[in-house]
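The values are calculated or read from the model by the stated rules, or taken from the named source; none is laboratory data. Just so it is clear, the structure is predicted and the values come from calculations on it, not from any experiment. Here Cβ is always computed from backbone atoms with ideal geometry, including for glycine, and neighbour counts include all displayed protein chains.
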Amino acid sequence: MMRFTPARTYLTASAVALGLAVFSGWCAKTWLPALIPAILFLASGVLVLYLALQPVIEVKENGLRIGKRSIAWKHIRRIDQTGWVSPLVVHLTLADSTRVRILYPGVLESCNQLNRLLQQNATESLINGVPYRQIWGEPVEPDPPRKPVPVPRYRLLTEEDEAEVERLYQKLKTAGHMDPEK
């Protein structure tokens, strides 16, 4: 079993942003333009706090546990990655067509490790639209050999011209050369 907990840096960054929001709000009492950074610090502090309070993700042999919700590997039908790597955002589609978003705010190495574990253990799934067997190198049934397509033959000369070429060829063959002087 592997546990993936949110990185502590998110909690620290949230505390710093909220502290700066309070300081900017205090400054805004005497200088009103300081209200703009106070609002921005408050919004970013709340967002980073939301990331820091994400539930623990546990990867087990029989399934995945996100907080109190358990998902068996055999129920995962599709894994779709987004462009986000850290924090990791992955969409899972389950057998009953429900979608689950995994949001894991960890350091880059653990985000990559969690992503790799998800892809390796969900053996009955499509990973970004590609079947599991193609990605992890299990043999895929080869296509049956194709029958070669015959090359079409186009007529370049008419029948009279072909007969004339054949007559000249036979004449050249019997004479042994083309020049009449020799």
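For ILE135, state whether it is under 18 Å from the mean Cα position of the chain (by Cα), of a type outside the set (Asp, Glu) and modelled with pLDDT of 90 or more. Show your work before the answer.
Values: under 18 Å from the mean Cα position of the chain (by Cα): yes; of a type outside the set (Asp, Glu): yes; modelled with pLDDT of 90 or more: no.
Here the answer is no, as ILE135 does not meet what is asked.
State whether the residues of the range 6-16 include one that is outside the structural domain of SER125 (by TED's automatic domain parsing), under 30 Å from GLU124 (Cα atoms) and either charged (D, E, K, R) or at pLDDT 90 or above (or both). Among the residues of the range 6-16, at least one is outside the structural domain of SER125 (by TED's automatic domain parsing), under 30 Å from GLU124 (Cα atoms) and either charged (D, E, K, R) or at pLDDT 90 or above (or both), which makes the answer yes. Pairs are defined by a Cβ separation below 8 Å, a sequence spacing of at least 6 or placement on different chains, a first member in the range 50-69 that is charged (D, E, K, R), and a second member that is outside any strand (DSSP E or B); the pairs so defined are GLU58/MET1; LYS60/MET1; GLU61/MET1; LYS68/PRO55.
The set of residues from the range 16-72 being outside any helix (DSSP H, G or I) and of a type in the set (Val, Ile, Thr) comprises THR30, VAL56, ILE57, VAL59, ILE66, ILE71.
For every residue, the table says whether it meets (1) farther than 17 Å from CYS111 by Cβ; (2) not aliphatic (A, V, I, L, M).
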position: ALA17; (1), (2): yes, no
position: ALA34; (1), (2): yes, no
position: LEU40; (1), (2): yes, no
position: LEU49; (1), (2): yes, no
position: VAL59; (1), (2): no, no
position: ASN62; (1), (2): yes, yes
position: HIS75; (1), (2): yes, yes
position: ASP80; (1), (2): no, yes
position: HIS91; (1), (2): no, yes
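Going by what's in this entry, would ALA17 be described as farther than 19 Å from LEU88 by Cα, more than 29 Å from the chain's Cα centre (by Cα), among the aliphatic types (A, V, I, L, M) and surrounded by fewer than 16 Cβ atoms within 10 Å (Cβ to Cβ)?
On the way: farther than 19 Å from LEU88 by Cα: yes; more than 29 Å from the chain's Cα centre (by Cα): yes; among the aliphatic types (A, V, I, L, M): yes; surrounded by fewer than 16 Cβ atoms within 10 Å (Cβ to Cβ): no.
Taking the combined requirement at face value, the residue does not satisfy it.
Criterion first (outside any loop (DSSP other than H, G, I, E, B), surrounded by fewer than 17 Cβ atoms within 10 Å (Cβ to Cβ), touching a residue at least 12 places away in the same chain (Cβ under 8 Å) and polar (S, T, N, Q)) does GLN134 satisfy it? Judged against the criteria, GLN134 is not a match.
Table: residues versus (1) of a type in the set (Val, Ile, Thr); (2) outside the structural domain of GLY129 (by TED's automatic domain parsing).
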{"residue": "ALA28", "(1), (2)": "no, yes"}
{"residue": "ALA43", "(1), (2)": "no, yes"}
{"residue": "LEU47", "(1), (2)": "no, yes"}
{"residue": "GLU61", "(1), (2)": "no, yes"}
{"residue": "ILE79", "(1), (2)": "yes, no"}
{"residue": "SER86", "(1), (2)": "no, no"}
{"residue": "VAL90", "(1), (2)": "yes, no"}
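Under 6 Å by Cβ, and 6 or more places apart or on different chains, what pairs join a residue from the range 10-38 that is closer than 18 Å to LEU49 by Cβ with one that is aliphatic (A, V, I, L, M) and not in a helix (DSSP H, G or I)? Partner pairs satisfying both residue conditions: ALA38/ALA28.
Condition (residue is β-branched (Val, Ile, Thr) and closer than 30 Å to LEU11 by Cβ) applied to the range 108-126: is it met by at least one residue? Write out each step before concluding.
Going residue by residue through the range 108-126, those that are β-branched (Val, Ile, Thr) are 123.
Filter again for closer than 30 Å to LEU11 by Cβ, leaving none.
No; the residues of the range 108-126 include none that is β-branched (Val, Ile, Thr) and closer than 30 Å to LEU11 by Cβ.
In the range 70-86, the residue that is nearest to ALA13 (Cα to Cα) out of those that are touching a residue at least 40 places away in the same chain (Cβ under 8 Å) and in contact with a strand residue (DSSP E or B) (Cβ under 6 Å, 6 or more places away or on another chain) is GLN81.
If you go through the range 76-122 and pick out every residue that is assigned to a helix (DSSP H, G or I) and surrounded by fewer than 14 Cβ atoms within 10 Å (Cβ to Cβ), you end up with 3.
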